[in-house]
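Notes follow once the structure below has been shown.
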Amino acid sequence: MRFILFISLLLNAKEIVIRAARVIDGRGHELRQAAVVVEGTKIVRVDRHPSRVDIDLGNRTLMPGGIDTHVHIGWHFDKNGRSNDDGSGETPEEYALFAAENGYATLMGGVTTVQSLGAAIDKTIRGFADRNALPLPRVLTAVDPITDSKLTADQLRAAVQKVAADGADVVKIFASQSIRNGGGPTMSQEQMDALCGEAKRLGLRTAVHAHGPESVKRAVLAGCRSIEHGALIDQATLDLMAEHGTYFDPNIDLVFRNYFENKAHFLGIGNYTEEGFAQMEKAVPKALNVFRMGLKTKGLKIVFGTDAVAGSHGRNFQELVYRVQKGGQDPMQAITSATSLAAESLGLGDRIGSIAPGYEADLIAVDGDPLRDITALERVAFVMKGGKVLQFIPSEARDLRRHSDE
(Lines give C-alpha, C1' and ligand atoms only; values in the text may rest on other atoms or scores of the structure.)
Protein backbone atom coordinates (compact mmCIF):
# COMPACT_ATOMS: atom_id res chain seq x y z
CA MET A 1 0.00 0.00 0.00
CA ARG A 2 2.82 2.43 0.86
CA PHE A 3 4.41 1.70 -2.52
CA ILE A 4 1.15 2.51 -4.36
CA LEU A 5 0.81 5.75 -2.39
CA PHE A 6 4.43 6.59 -3.15
CA ILE A 7 3.91 6.16 -6.89
CA SER A 8 0.69 8.20 -6.87
CA LEU A 9 2.48 11.05 -5.13
CA LEU A 10 5.23 10.91 -7.73
CA LEU A 11 2.71 11.09 -10.54
CA ASN A 12 1.43 14.34 -9.07
CA ALA A 13 4.88 15.83 -8.57
CA LYS A 14 6.06 18.56 -10.91
CA GLU A 15 9.46 16.93 -11.28
CA ILE A 16 10.62 13.40 -10.55
CA VAL A 17 14.30 12.99 -9.75
CA ILE A 18 15.62 9.47 -10.39
CA ARG A 19 19.13 8.59 -9.24
CA ALA A 20 21.17 5.48 -9.98
CA ALA A 21 24.70 4.24 -9.50
CA ARG A 22 25.12 4.30 -13.28
CA VAL A 23 23.34 6.15 -16.08
CA ILE A 24 23.84 4.96 -19.67
CA ASP A 25 22.56 7.63 -22.05
CA GLY A 26 21.91 5.41 -25.09
CA ARG A 27 24.56 7.23 -27.12
CA GLY A 28 27.60 5.39 -25.82
CA HIS A 29 28.25 7.35 -22.63
CA GLU A 30 28.10 6.35 -18.97
CA LEU A 31 27.77 8.59 -15.92
CA ARG A 32 28.36 7.49 -12.35
CA GLN A 33 26.09 8.47 -9.45
CA ALA A 34 23.88 10.75 -11.51
CA ALA A 35 20.18 11.57 -11.64
CA VAL A 36 17.68 12.00 -14.45
CA VAL A 37 15.03 14.65 -13.93
CA VAL A 38 11.62 14.10 -15.51
CA GLU A 39 8.79 16.58 -15.81
CA GLY A 40 5.51 15.45 -17.33
CA THR A 41 6.33 13.11 -20.20
CA LYS A 42 9.80 14.50 -20.90
CA ILE A 43 13.34 14.34 -19.63
CA VAL A 44 14.38 17.86 -18.62
CA ARG A 45 17.99 17.32 -17.57
CA VAL A 46 20.66 15.03 -16.24
CA ASP A 47 21.85 16.20 -12.82
CA ARG A 48 25.24 15.13 -11.47
CA HIS A 49 24.53 16.58 -8.03
CA PRO A 50 20.75 16.62 -7.37
CA SER A 51 19.50 18.55 -4.33
CA ARG A 52 16.85 15.88 -3.74
CA VAL A 53 16.03 12.38 -4.92
CA ASP A 54 12.52 11.01 -5.39
CA ILE A 55 13.44 7.54 -6.65
CA ASP A 56 16.76 6.11 -5.52
CA LEU A 57 17.60 3.09 -7.63
CA GLY A 58 20.68 2.29 -5.59
CA ASN A 59 23.27 0.07 -7.25
CA ARG A 60 21.35 -0.18 -10.50
CA THR A 61 21.84 1.06 -14.03
CA LEU A 62 19.38 3.58 -15.50
CA MET A 63 19.12 3.70 -19.28
CA PRO A 64 16.66 4.45 -22.08
CA GLY A 65 13.93 1.89 -22.62
CA GLY A 66 14.78 -0.71 -25.21
CA ILE A 67 13.56 -0.37 -28.80
CA ASP A 68 12.85 -3.61 -30.65
CA THR A 69 12.57 -2.86 -34.37
CA HIS A 70 10.99 -6.19 -35.31
CA VAL A 71 8.23 -7.94 -33.36
CA HIS A 72 4.82 -9.47 -34.06
CA ILE A 73 2.93 -8.20 -31.05
CA GLY A 74 -0.30 -10.08 -31.75
CA TRP A 75 1.26 -13.50 -32.36
CA HIS A 76 0.42 -15.81 -29.45
CA PHE A 77 -0.31 -19.32 -28.26
CA ASP A 78 -4.07 -19.66 -28.21
CA LYS A 79 -6.29 -21.44 -25.69
CA ASN A 80 -5.39 -24.75 -27.31
CA GLY A 81 -1.68 -24.02 -27.02
CA ARG A 82 -1.21 -23.59 -30.76
CA SER A 83 0.60 -20.80 -32.55
CA ASN A 84 -1.91 -18.19 -33.70
CA ASP A 85 -0.73 -15.18 -35.68
CA ASP A 86 -4.04 -13.74 -36.87
CA GLY A 87 -6.67 -14.44 -34.23
CA SER A 88 -8.32 -17.19 -36.26
CA GLY A 89 -10.82 -19.20 -34.22
CA GLU A 90 -11.02 -16.46 -31.58
CA THR A 91 -13.29 -13.54 -30.90
CA PRO A 92 -11.87 -10.09 -31.66
CA GLU A 93 -11.87 -9.41 -27.91
CA GLU A 94 -9.78 -12.50 -27.18
CA TYR A 95 -7.32 -11.65 -29.94
CA ALA A 96 -6.92 -8.09 -28.68
CA LEU A 97 -6.32 -9.26 -25.12
CA PHE A 98 -3.69 -11.77 -26.23
CA ALA A 99 -1.93 -8.94 -28.08
CA ALA A 100 -2.19 -6.65 -25.05
CA GLU A 101 -0.81 -9.44 -22.88
CA ASN A 102 2.20 -9.65 -25.19
CA GLY A 103 2.62 -5.89 -25.07
CA TYR A 104 2.58 -5.88 -21.28
CA ALA A 105 5.18 -8.65 -21.09
CA THR A 106 7.36 -6.77 -23.56
CA LEU A 107 7.16 -3.54 -21.58
CA MET A 108 7.90 -5.21 -18.24
CA GLY A 109 10.87 -6.85 -19.95
CA GLY A 110 12.38 -3.42 -20.53
CA VAL A 111 11.32 -2.67 -24.11
CA THR A 112 9.32 0.57 -24.28
CA THR A 113 8.97 0.83 -28.09
CA VAL A 114 8.34 -1.85 -30.69
CA GLN A 115 7.88 -1.97 -34.43
CA SER A 116 5.36 -4.68 -35.23
CA LEU A 117 5.62 -6.14 -38.74
CA GLY A 118 2.66 -6.58 -38.85
CA ALA A 119 -1.04 -7.30 -38.57
CA ALA A 120 -4.19 -5.22 -38.34
CA ILE A 121 -4.40 -5.87 -34.57
CA ASP A 122 -1.26 -3.75 -34.21
CA LYS A 123 -3.35 -0.65 -34.89
CA THR A 124 -5.59 -1.42 -31.91
CA ILE A 125 -2.62 -1.90 -29.59
CA ARG A 126 -0.94 1.22 -31.01
CA GLY A 127 -4.03 3.29 -30.26
CA PHE A 128 -4.26 2.18 -26.66
CA ALA A 129 -0.51 2.54 -26.20
CA ASP A 130 -0.70 6.14 -27.44
CA ARG A 131 -3.27 6.89 -24.74
CA ASN A 132 -0.59 5.92 -22.20
CA ALA A 133 -3.27 4.69 -19.79
CA LEU A 134 -2.49 0.98 -20.08
CA PRO A 135 0.99 -0.52 -19.53
CA LEU A 136 1.92 -1.04 -23.18
CA PRO A 137 5.01 -0.20 -25.22
CA ARG A 138 4.89 2.46 -27.91
CA VAL A 139 3.91 0.67 -31.12
CA LEU A 140 4.72 1.30 -34.77
CA THR A 141 3.11 -1.00 -37.29
CA ALA A 142 3.23 -2.19 -40.88
CA VAL A 143 -0.50 -3.11 -40.64
CA ASP A 144 -0.42 -5.56 -43.58
CA PRO A 145 2.83 -6.90 -45.09
CA ILE A 146 3.20 -6.98 -48.88
CA THR A 147 3.98 -10.53 -49.97
CA ASP A 148 2.52 -11.19 -53.43
CA SER A 149 5.35 -11.45 -55.95
CA LYS A 150 2.88 -11.98 -58.81
CA LEU A 151 1.76 -8.33 -58.70
CA THR A 152 2.96 -5.89 -61.35
CA ALA A 153 4.94 -2.79 -60.48
CA ASP A 154 1.78 -0.65 -60.68
CA GLN A 155 -0.15 -3.09 -58.52
CA LEU A 156 2.62 -3.05 -55.93
CA ARG A 157 2.56 0.75 -55.85
CA ALA A 158 -1.17 0.52 -55.24
CA ALA A 159 -0.51 -1.93 -52.41
CA VAL A 160 1.86 0.57 -50.79
CA GLN A 161 -0.76 3.28 -51.15
CA LYS A 162 -3.32 1.03 -49.45
CA VAL A 163 -1.20 0.33 -46.37
CA ALA A 164 -0.38 4.03 -46.18
CA ALA A 165 -4.11 4.87 -46.25
CA ASP A 166 -4.66 2.22 -43.57
CA GLY A 167 -2.32 4.09 -41.24
CA ALA A 168 0.92 2.14 -41.51
CA ASP A 169 4.09 3.63 -40.01
CA VAL A 170 6.29 1.43 -42.19
CA VAL A 171 5.89 -0.78 -45.25
CA LYS A 172 6.88 -4.43 -44.67
CA ILE A 173 7.98 -6.18 -47.86
CA PHE A 174 8.75 -9.85 -48.38
CA ALA A 175 11.57 -9.94 -50.91
CA SER A 176 12.54 -13.54 -50.25
CA GLN A 177 11.10 -16.84 -49.14
CA SER A 178 11.04 -17.87 -45.51
CA ILE A 179 14.25 -19.43 -44.22
CA ARG A 180 12.17 -22.60 -43.80
CA ASN A 181 11.71 -22.67 -47.58
CA GLY A 182 15.32 -21.88 -48.43
CA GLY A 183 15.24 -18.07 -48.37
CA GLY A 184 15.46 -17.54 -52.14
CA PRO A 185 14.48 -14.21 -53.77
CA THR A 186 10.85 -13.60 -54.71
CA MET A 187 10.69 -9.97 -55.89
CA SER A 188 12.50 -8.68 -58.99
CA GLN A 189 14.54 -5.49 -59.11
CA GLU A 190 11.68 -3.76 -60.92
CA GLN A 191 9.25 -4.80 -58.19
CA MET A 192 11.54 -3.64 -55.39
CA ASP A 193 12.11 -0.33 -57.16
CA ALA A 194 8.35 0.17 -57.37
CA LEU A 195 7.72 -0.76 -53.73
CA CYS A 196 10.45 1.24 -52.06
CA GLY A 197 10.17 4.11 -54.52
CA GLU A 198 6.45 4.52 -53.81
CA ALA A 199 6.96 4.25 -50.07
CA LYS A 200 9.63 6.95 -50.21
CA ARG A 201 7.33 9.17 -52.28
CA LEU A 202 4.68 8.83 -49.56
CA GLY A 203 7.16 9.52 -46.76
CA LEU A 204 7.10 5.97 -45.41
CA ARG A 205 10.00 3.80 -44.34
CA THR A 206 10.43 0.25 -45.63
CA ALA A 207 11.47 -2.91 -43.79
CA VAL A 208 12.41 -5.77 -46.09
CA HIS A 209 12.33 -9.46 -45.24
CA ALA A 210 15.34 -10.80 -47.17
CA HIS A 211 17.66 -13.72 -46.42
CA GLY A 212 20.10 -14.10 -49.31
CA PRO A 213 22.55 -11.90 -51.23
CA GLU A 214 20.35 -11.33 -54.28
CA SER A 215 17.18 -10.32 -52.42
CA VAL A 216 19.17 -8.02 -50.12
CA LYS A 217 21.05 -6.48 -53.05
CA ARG A 218 17.81 -5.68 -54.87
CA ALA A 219 16.34 -4.07 -51.75
CA VAL A 220 19.43 -1.96 -51.11
CA LEU A 221 19.66 -0.77 -54.72
CA ALA A 222 15.96 0.13 -54.58
CA GLY A 223 16.68 2.48 -51.68
CA CYS A 224 14.84 0.46 -49.03
CA ARG A 225 15.39 1.53 -45.42
CA SER A 226 16.19 -1.66 -43.52
CA ILE A 227 16.98 -5.31 -44.12
CA GLU A 228 15.43 -7.87 -41.79
CA HIS A 229 17.22 -11.21 -41.21
CA GLY A 230 19.91 -11.50 -43.91
CA ALA A 231 20.93 -14.89 -42.51
CA LEU A 232 22.52 -16.12 -45.76
CA ILE A 233 24.36 -13.02 -47.02
CA ASP A 234 28.08 -12.54 -47.65
CA GLN A 235 30.68 -9.86 -47.01
CA ALA A 236 30.05 -8.11 -50.34
CA THR A 237 26.38 -7.69 -49.42
CA LEU A 238 27.26 -6.34 -45.99
CA ASP A 239 29.62 -3.85 -47.65
CA LEU A 240 26.83 -2.81 -50.04
CA MET A 241 24.47 -2.11 -47.12
CA ALA A 242 27.12 -0.08 -45.35
CA GLU A 243 27.84 1.91 -48.52
CA HIS A 244 24.16 2.80 -48.95
CA GLY A 245 23.47 3.50 -45.28
CA THR A 246 20.91 0.68 -45.08
CA TYR A 247 20.03 -0.43 -41.58
CA PHE A 248 20.59 -4.10 -40.83
CA ASP A 249 18.36 -5.97 -38.39
CA PRO A 250 19.76 -9.49 -38.01
CA ASN A 251 17.52 -11.71 -35.89
CA ILE A 252 20.05 -14.36 -34.95
CA ASP A 253 19.00 -16.04 -31.72
CA LEU A 254 15.71 -15.54 -29.91
CA VAL A 255 13.44 -16.26 -32.86
CA PHE A 256 15.21 -19.54 -33.63
CA ARG A 257 15.61 -20.66 -30.02
CA ASN A 258 11.99 -19.86 -29.25
CA TYR A 259 10.85 -22.00 -32.19
CA PHE A 260 12.98 -24.91 -31.00
CA GLU A 261 11.83 -24.58 -27.39
CA ASN A 262 8.17 -24.44 -28.44
CA LYS A 263 8.32 -26.75 -31.44
CA ALA A 264 5.17 -28.66 -30.46
CA HIS A 265 3.14 -25.43 -30.55
CA PHE A 266 4.19 -24.66 -34.16
CA LEU A 267 4.72 -28.03 -35.83
CA GLY A 268 2.16 -28.86 -38.50
CA ILE A 269 1.10 -25.26 -39.16
CA GLY A 270 1.99 -23.99 -42.65
CA ASN A 271 5.70 -24.41 -43.35
CA TYR A 272 6.44 -25.38 -39.75
CA THR A 273 7.32 -28.91 -40.82
CA GLU A 274 10.19 -31.18 -39.80
CA GLU A 275 11.97 -30.04 -42.96
CA GLY A 276 11.32 -26.40 -42.05
CA PHE A 277 12.75 -26.88 -38.57
CA ALA A 278 15.80 -28.58 -40.08
CA GLN A 279 16.34 -25.53 -42.31
CA MET A 280 16.19 -23.27 -39.24
CA GLU A 281 18.72 -25.45 -37.42
CA LYS A 282 21.11 -25.06 -40.36
CA ALA A 283 20.56 -21.28 -40.43
CA VAL A 284 21.60 -20.64 -36.82
CA PRO A 285 25.41 -20.84 -37.28
CA LYS A 286 25.14 -19.05 -40.63
CA ALA A 287 23.24 -16.15 -39.07
CA LEU A 288 25.77 -15.91 -36.24
CA ASN A 289 28.63 -15.81 -38.77
CA VAL A 290 26.90 -13.04 -40.74
CA PHE A 291 26.49 -11.04 -37.52
CA ARG A 292 30.16 -11.43 -36.64
CA MET A 293 31.13 -10.30 -40.15
CA GLY A 294 28.71 -7.39 -39.80
CA LEU A 295 30.42 -6.19 -36.63
CA LYS A 296 33.67 -5.90 -38.59
CA THR A 297 32.06 -4.12 -41.55
CA LYS A 298 32.97 -0.45 -41.40
CA GLY A 299 29.96 1.86 -41.30
CA LEU A 300 27.31 -0.88 -41.13
CA LYS A 301 24.38 0.19 -38.95
CA ILE A 302 23.24 -2.90 -37.03
CA VAL A 303 20.06 -2.34 -35.02
CA PHE A 304 18.25 -4.41 -32.42
CA GLY A 305 15.34 -6.58 -33.50
CA THR A 306 14.15 -9.98 -32.37
CA ASP A 307 11.33 -11.05 -34.71
CA ALA A 308 9.46 -11.87 -31.48
CA VAL A 309 6.60 -14.29 -32.13
CA ALA A 310 4.43 -16.41 -29.84
CA GLY A 311 6.45 -17.51 -26.82
CA SER A 312 9.17 -14.87 -26.98
CA HIS A 313 7.42 -11.64 -25.97
CA GLY A 314 9.06 -10.20 -22.87
CA ARG A 315 12.28 -12.09 -23.52
CA ASN A 316 13.52 -9.54 -26.07
CA PHE A 317 16.78 -8.64 -24.32
CA GLN A 318 17.93 -12.27 -24.52
CA GLU A 319 18.83 -11.43 -28.12
CA LEU A 320 21.28 -8.77 -26.91
CA VAL A 321 22.76 -11.19 -24.38
CA TYR A 322 23.44 -13.65 -27.20
CA ARG A 323 24.91 -10.96 -29.45
CA VAL A 324 27.40 -10.02 -26.75
CA GLN A 325 28.20 -13.48 -25.37
CA LYS A 326 28.23 -15.46 -28.63
CA GLY A 327 28.57 -12.81 -31.30
CA GLY A 328 31.32 -10.82 -29.60
CA GLN A 329 29.55 -7.45 -29.71
CA ASP A 330 30.76 -4.78 -27.30
CA PRO A 331 28.12 -4.35 -24.54
CA MET A 332 27.88 -0.57 -24.95
CA GLN A 333 27.53 -0.98 -28.71
CA ALA A 334 24.78 -3.55 -28.14
CA ILE A 335 22.89 -1.18 -25.84
CA THR A 336 23.26 1.67 -28.33
CA SER A 337 21.88 -0.58 -31.08
CA ALA A 338 18.75 -1.05 -28.96
CA THR A 339 18.35 2.61 -28.02
CA SER A 340 19.54 5.63 -30.02
CA LEU A 341 20.48 3.73 -33.19
CA ALA A 342 17.20 1.80 -33.21
CA ALA A 343 15.34 5.08 -32.70
CA GLU A 344 17.24 6.65 -35.61
CA SER A 345 16.29 3.73 -37.86
CA LEU A 346 12.61 4.31 -37.03
CA GLY A 347 12.84 8.02 -37.79
CA LEU A 348 12.43 8.80 -34.09
CA GLY A 349 16.00 9.67 -33.21
CA ASP A 350 14.97 13.11 -31.98
CA ARG A 351 12.28 11.76 -29.63
CA ILE A 352 13.26 8.46 -28.02
CA GLY A 353 16.25 6.23 -27.40
CA SER A 354 18.43 8.73 -25.53
CA ILE A 355 18.62 10.24 -22.08
CA ALA A 356 18.79 13.89 -23.02
CA PRO A 357 16.71 17.05 -22.45
CA GLY A 358 13.50 17.11 -24.45
CA TYR A 359 13.34 13.36 -25.07
CA GLU A 360 10.44 11.17 -24.03
CA ALA A 361 10.84 9.86 -20.50
CA ASP A 362 11.02 6.21 -21.52
CA LEU A 363 13.42 4.80 -18.94
CA ILE A 364 14.32 1.46 -17.44
CA ALA A 365 16.69 0.34 -14.70
CA VAL A 366 18.33 -3.05 -14.37
CA ASP A 367 19.99 -4.78 -11.45
CA GLY A 368 23.75 -4.59 -11.82
CA ASP A 369 25.97 -3.27 -14.59
CA PRO A 370 25.23 -4.50 -18.15
CA LEU A 371 28.57 -3.17 -19.40
CA ARG A 372 30.28 -5.79 -17.25
CA ASP A 373 27.55 -8.42 -17.16
CA ILE A 374 25.20 -8.17 -20.12
CA THR A 375 22.72 -10.54 -18.43
CA ALA A 376 21.82 -7.60 -16.16
CA LEU A 377 19.47 -6.57 -18.98
CA GLU A 378 17.27 -9.53 -18.04
CA ARG A 379 16.84 -8.16 -14.49
CA VAL A 380 14.56 -5.19 -15.09
CA ALA A 381 13.57 -3.50 -11.84
CA PHE A 382 12.15 -0.17 -13.01
CA VAL A 383 10.09 0.87 -16.02
CA MET A 384 8.89 4.34 -16.94
CA LYS A 385 7.11 5.13 -20.20
CA GLY A 386 6.13 8.66 -21.14
CA GLY A 387 6.88 9.86 -17.62
CA LYS A 388 4.68 7.25 -15.92
CA VAL A 389 6.23 4.81 -13.47
CA LEU A 390 4.87 1.40 -14.44
CA GLN A 391 7.19 -0.85 -12.48
CA PHE A 392 9.49 -0.27 -9.54
CA ILE A 393 10.83 -3.19 -7.56
CA PRO A 394 12.62 -1.89 -4.45
CA SER A 395 15.94 -3.59 -3.78
CA GLU A 396 14.57 -5.17 -0.62
CA ALA A 397 11.67 -6.73 -2.52
CA ARG A 398 14.02 -8.15 -5.17
CA ASP A 399 16.25 -9.62 -2.44
CA LEU A 400 13.21 -11.12 -0.69
CA ARG A 401 11.97 -12.64 -3.96
CA ARG A 402 15.39 -14.15 -4.66
CA HIS A 403 15.59 -15.75 -1.21
CA SER A 404 12.09 -17.20 -1.55
CA ASP A 405 13.03 -18.70 -4.94
CA GLU A 406 16.01 -20.38 -3.35
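The values are calculated or read from the model by the stated rules, or taken from the named source; none is laboratory data. These figures come from a predicted structure and were not determined experimentally. Backbone-built Cβ (ideal geometry, glycine too); neighbour counts: all protein chains shown. Just the protein is used for accessible areas: all its heavy atoms, side chains included, with ligands, DNA and RNA removed. Shrake-Rupley method; radii C 1.70, N 1.55, O 1.52, S 1.80 Å.
Against the condition at pLDDT 95 or above, buried (at least 24 other Cβ atoms within 10 Å of the Cβ) and in a loop (DSSP other than H, G, I, E, B), how does Leu151 come out, does it pass?
In short, no.
Filtering the range 179-201 down to residues that are assigned to a loop (DSSP other than H, G, I, E, B) and either over 19 Å from Val255 (Cα atoms) or modelled with pLDDT of 95 or more (or both), which residue is least open to solvent (accessible area, probe 1.4 Å)?
So, considering only residues that are assigned to a loop (DSSP other than H, G, I, E, B) and either over 19 Å from Val255 (Cα atoms) or modelled with pLDDT of 95 or more (or both), the one least open to solvent (accessible area, probe 1.4 Å) is Met187.
Within the range 287-313, count every residue that is more than 17 Å from the chain's Cα centre (by Cα), part of a loop (DSSP other than H, G, I, E, B) and small (Gly, Ala, Ser).
So the answer is 1.
What residue, of Asn258, Asn316, is in contact (Cβ under 8 Å) with a residue 12 or more places away in the chain, open to solvent by less than 10 Å² (accessible area, probe 1.4 Å) and part of a loop (DSSP other than H, G, I, E, B)?
Every option except Asn316 fails the conditions.
So, in the range 125-145, how many residues would count as being surrounded by fewer than 24 Cβ atoms within 10 Å (Cβ to Cβ) and farther than 30 Å from Val366 by Cβ?
The qualifying residues number 2.
Please verify whether Thr112 is surrounded by 15 or more Cβ atoms within 10 Å (Cβ to Cβ), in contact (Cβ under 8 Å) with a residue 40 or more places away in the chain and under 21 Å from Arg205 (Cα atoms), treating the condition exactly as stated.
Against the criterion (surrounded by 15 or more Cβ atoms within 10 Å (Cβ to Cβ), in contact (Cβ under 8 Å) with a residue 40 or more places away in the chain and under 21 Å from Arg205 (Cα atoms)), Thr112 qualifies.
From the list Leu221, Leu204, which residue is surrounded by fewer than 22 Cβ atoms within 10 Å (Cβ to Cβ), more than 16 Å from Ile146 (Cα to Cα) and hydrophobic (A, V, I, L, M, F, W, C)?
Leu221
Go through the range 97-148 and give me each residue that's of a type in the set (A, V, I, L, M) and in a strand (DSSP E or B).
Val111, Val114, Val139, Leu140, Ile146
Just checking, does the range 68-89 include any residue being over 22 Å from Val321 (Cβ atoms), open to solvent by less than 10 Å² (accessible area, probe 1.4 Å), in a helix (DSSP H, G or I) and not aromatic (Phe, Trp, Tyr)?
No, the range 68-89 contains no residue that is over 22 Å from Val321 (Cβ atoms), open to solvent by less than 10 Å² (accessible area, probe 1.4 Å), in a helix (DSSP H, G or I) and not aromatic (Phe, Trp, Tyr).
Looking at this structure, is Ala165 open to solvent by 40 Å² or more (accessible area, probe 1.4 Å), without any contact (Cβ under 8 Å) to a residue 40 or more places away in the chain, farther than 19 Å from Val309 by Cβ and small (Gly, Ala, Ser)?
Considered against the rule, which asks whether it is open to solvent by 40 Å² or more (accessible area, probe 1.4 Å), without any contact (Cβ under 8 Å) to a residue 40 or more places away in the chain, farther than 19 Å from Val309 by Cβ and small (Gly, Ala, Ser), Ala165 comes out as yes.
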